[in-house]
Amino acid sequence: MEPILKLEDLRVEFRSGALRHNPKVALRGLNLEVYRGEIFGFIGPNGAGKTTTINVLLGFVAPTAGNAYLFGVNVREPIARQRIGYLPELTYYYKFLTVEELLRFYARIFGIPRRETDRRIDQLLRLVELEQVRNRPIKTYSKGMQQRVGLAQALINDPELLILDEPTSGLDPIGRMKVREIIQRLKNEGKTVFFSSHELGEVETVCDRVGILHEGELRTVGRVSDLKAQFQTDLERIFLKIIGYQLNT
Amino acid sequence: MNKILAIAGVVIKELYRRKDFYVLFVLTALITLVMGSATFFNDPKIVRYLVEVCLLLIWVSAIAIAIGTAARQIPAECESRTIFPLLAKPVTRAHVILGKFLGCWFACGIALVAFYAFAAIVRGSREAYWPMLHYFQASWLHWMGLAVMIAMVILGSLIFSAPSANATICEIIIVGILLLGGHLDTVALRQPPPLDLITYTIYFFIPHLEWFDVRDILVHDQPLIKWWAVLGATAYAAAYTATFLFLAWLIFRRKPLNA
Amino acid sequence: MRSPRVHYLILLLLVVINFTLATVLDIAAQAWTRRGGTDLLAILLGDARRIFSAHFFIKADVYFHAGYYPSIFDLTARPKDSSHMAGDNHAHDEEKCGKAMQFLGRPTDWIERFGRNFAVTEHKHLNSGKEREILPWLRISASLDPHRIETYTVAAFWLRRTLGKPEQAEAFLREGLRANPDSYELLHELGCVYYENYKDAARARNIWRLALEKLELQRGKKDEDELAKYYHDILLRLARLEEDQGNYALAADYLEEIIERNAAPNPDLLRTQITELREKASTRH
């Protein structure tokens with residue numbers, strides 16, 4: 001089966017200072033494949049390189065070496081992003097727009113016909129439960145509502161692959177539950193989801209496969225059930241063991 | 001093109017939902033009307049001073065709107081992180097630059113229509129004189145001049161870290177060119193070497209924005225500018241705008257964005 | 001959480017403080033206003049108002065030339081005085097002024113050549129009543145510096161001569177006289193209003209004679225050439241007035257005084273006129 005998302009020996013270095021010496025290596029030869037219909041959890045401690053990987057996939061950062069592909073197209077080509085949806089960690093959308101106007105704007109970028117845009121906006125606003133406030137400026141929304149706006153915009157093009165960067169970060173328990181429900185529903189619809197998270201419980205509940213990243217290296221990849229069977233413990237302990245954290249108990 | 005227009009549409013919405021334009025328009029209208037209410041020597045036919053004041057306010061307001069809007073576009077996208085979901089769509093950085101430019105330029109064009117219509121009504125109501133072709137030439141050249149200014153400010157927004165610093169520097173450059181740009185050759189003649197060469201070089205490199213300021217023609221009721229000259233100035237503005245936007249793209253293309 | 005009543009009390013206290021301060025400061029502000037005069041512009045701008053006044057006077061000149069005017073980089077081409085803006089027909093020489101204001105020259109490069117398409121490049125003076133357009137700038141200039149005499153004379157000239165508003169000219173000149181009571185220039189212009197517009201020879205005669213007295217006071221204080229010019233103009237006007245009134249001998253006396261004061265650019269012409277006037281006077285007797 002052809003992977004939807006593929007990383008090949010991906011290396012990213014950040015150089016700073018006038019002489020650009022001593023580069024900081026963010027990713028060290030990352031290899032990863034994500035297949036159609038699966039929910040892939042990308043976990044790791046802060047600074048592990050999760051967001052950098054996503055930045056490369058979205059074309060925000062150019063890789064120093066190696067390649068990244070979406071649907072077999074190199075991410076350097078903008079067309080690679082035609083069939084993906086992306087939810088950033090924390091974003092304040094154009095405050096002066098309403099959610100409906102925002103979705104219409106993104107739909108126009110994808111070249112979605114007007115009638116189809118109307119249908120999708122209605123459907124998405126129902127999905128993220130923002131129908132009642134569709135004509136209110138985004139600046140009046142709560143943080144949880146803004147995150148759901150983010151989800152709606154990520155889904156406007158009916159993407160085959162969703163890249164979610166810490167989608168529940170900073171949300172209250174109800175907000176998290178709602179986002180989790182939406183991800184679950186997307187899975188049921190056969191979408192592929194690639195998401196990074198700190199919330200191991202959430203990853204364990206939702207994901208088919210996980211990849212644990214530490215210091216720019218992918219330490220392990222596998223099905224959650226296989227990992228649990230292999231290590232004879234829960235995901236949290238597996239994660240801590242892999243990143244080399246010593247538990248006292 | 002659809003993507004560029006979509007981005008431009010958001011910029012236009014931003015302008016008409018912000019208070020800047022309305023405040024400047026009301027201020028212009030208010031000052032003009034207060035000046036117009038003054039009668040000098042009991043002569044109601046005096047009108048040129050009013051047209052001059054009105055056009056000066058229009059120029060100041062248009063520059064303020066253009067610089068203010070253009071300077072914050074890309075920095076605000078980065079600061080509020082809206083650039084990430086935008087670039088995660090099939091949108092290139094060239095689309096973003098062109099969309100932002102067109103948005104600011106169209107928005108300024110809409111503002112200019114309102115401003116010049118007001119000026120025409122003020123003059124027409126006083127002396128029943130409607131030189132529509134003059135207004136067209138003046139507003140068209142004004143709009144072309146604004147294109148160069150907006151492109152310059154967008155380039156500045158990618159060079160200078162703070163939008164306020166960019167706006168201030170661009171304002172100084174633009175006002176400097178408008179006041180002195182056309183006289184730099186005269187200044188160069190009076191300089192010792194190598195200052196004369198430097199001044200001449202600046203004279204040939206800067207965009208001569210003073211060409212686009214034809215208020216005197218309108219105020220003093222001079223004959224229409226030759227249409228080929230208007231066309232030439234339009235091409236000149238297009239060339240400088242393209243240069244600034246290309247430079248902006250070269251910088252933005254390599255700018256790392258970390259979400 | 002404090003009760004809202006506390007907030008209202010704080011608000012009330014602030015209002016009372018504001019009111020108290022306003023009553024105290026008002027007295028100080030009035031004293032300050034009295035010191036600086038009643039003119040708001042004078043208070044705001046101080047001595048800088050003279051610079052602005054000069055600027056607005058030049059602005060009037062720019063308007064008079066319909067926008068064709070040298071920049072600060074062509075100062076030599078600027079008119080040296082205001083006589084081109086408001087003078088009798090002999091002084092108001094468009095061709096001469098146009099020659100003096102040839103500041104453009106041949107363009108040195110394509111930028112300058114092309115740029116001229118967007119600037120006013122033709123010398124002309126306002127006419128057919130359009131001269132009214134210079135008046136607002138003169139009014140503002142006078143408000144900023146009431147001691148700039150030419151502002152009043154130029155405005156009055158056009159008001160009485162072309163725009164048919166002698167009463168406005170008179171009022172403006174009187175305003176100027178209040179600020180400059182010893183100005184022979186203003187009296188000369190005021191005399192013109194009375195004689196040419198009101199046809200009031202008696203008053204015009206008195207005003208011009210007063211102007212001569214004021215002119216006499218300036219001897220040794222001002223440039224002799226300028227004084228000579230005004231002696232010539234005022235005496236000539238008095239001579240014409242007396243001639244019109246049939247007082248030929250008196251008219252001849254005024255013309256003789258011009259020659260005596262070495263104020264005549266063409267004394268021979270005056271001598272011929274004097275002879276004619278004397279003949280007329282003797283014939284009448």
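Quick notes on this one:
- If you go through the range C:119-133 and pick out every residue that is open to solvent by 10 Å² or more (accessible area, probe 1.4 Å) and within 27 Å of residue B:178 (Cβ to Cβ), you end up with 7.
- Residues (within 8 Å of chain B (Cβ to nearest Cβ) and in a strand (DSSP E or B)) located in the range A:36-84: A:84
- Unmet criterion (only one of (1) more than 14 Å from chain C (Cβ to nearest Cβ); (2) more than 30 Å from residue A:93 (Cα to Cα); (3) in contact (Cβ under 8 Å) with a residue 60 or more places away in the chain) for residue B:30: (3)
- Scanning the range B:184-200 for residues that are touching an Asp or Glu at 6+ places or on another chain (Cβ under 9 Å) and open to solvent by 40 Å² or more (accessible area, probe 1.4 Å) gives B:189, B:190, B:200.
- Matching helices (runs of 4 or more DSSP H) fully within the range B:1-90 where at least 2 residues are more than 30 Å from residue A:167 (Cα to Cα): B:2-17, B:20-37, B:48-79
- Residue match in the range C:243-263 (condition: hydrophobic (A, V, I, L, M, F, W, C), within 22 Å of residue C:159 (Cα to Cα) and not in a loop (DSSP other than H, G, I, E, B)): no
- Residue within the range B:245-259 that is touching a residue at least 12 places away in the same chain (Cβ under 8 Å), facing chain C (nearest Cβ under 9 Å), part of a helix (DSSP H, G or I) and out of contact with any His (no Cβ under 8 Å at 6 or more places or on another chain) present: no
- Residue within the range C:166-180 that is part of a helix (DSSP H, G or I), away from chain B (no Cβ under 12 Å) and among the acidic types (Asp, Glu) present: no
- Residue check for residue A:108: charged (D, E, K, R) and either under 18 Å from residue A:183 (Cβ atoms) or facing another protein chain (nearest Cβ under 7 Å) (or both): yes
- Scanning the range B:172-193 turns up no residue that is among the charged types (D, E, K, R) and within 21 Å of residue B:56 (Cβ to Cβ).
- Residue check, residue A:96 facing chain B (nearest Cβ under 10 Å), open to solvent by 10 Å² or more (accessible area, probe 1.4 Å), hydrophobic (A, V, I, L, M, F, W, C) and in contact (Cβ under 8 Å) with a residue 40 or more places away in the chain: yes
- The set of residues in the range B:50-70 that are touching an Asp or Glu at 6+ places or on another chain (Cβ under 8 Å) and either β-branched (Val, Ile, Thr) or crowded, with 24+ Cβ neighbours inside 10 Å (or both) comprises B:63, B:65, B:67, B:69.
- For the range B:201-243, the set of residues classified as assigned to a helix (DSSP H, G or I), surrounded by 18 or more Cβ atoms within 10 Å (Cβ to Cβ) and under 14 Å from the mean Cα position of the chain (by Cα) consists of B:209, B:210, B:211, B:212, B:237, B:240, B:241, listed by residue number.
- Members of the range B:35-67 found to be closer than 13 Å to residue B:116 by Cβ and of a type in the set (Val, Ile, Thr), listed by number: B:51, B:58
The values are calculated or read from the model by the stated rules, or taken from the named source; none is laboratory data. Bear in mind the structure is a predicted one, so any value in this text is a computation, not a measurement. Note that each Cβ is placed from the backbone with ideal geometry, even for glycine, and that neighbours are counted across all protein chains shown. For the accessible areas, the whole protein counts, side chains as well, though only heavy atoms, and no ligand, DNA or RNA atoms are used. Shrake-Rupley method; radii C 1.70, N 1.55, O 1.52, S 1.80 Å.
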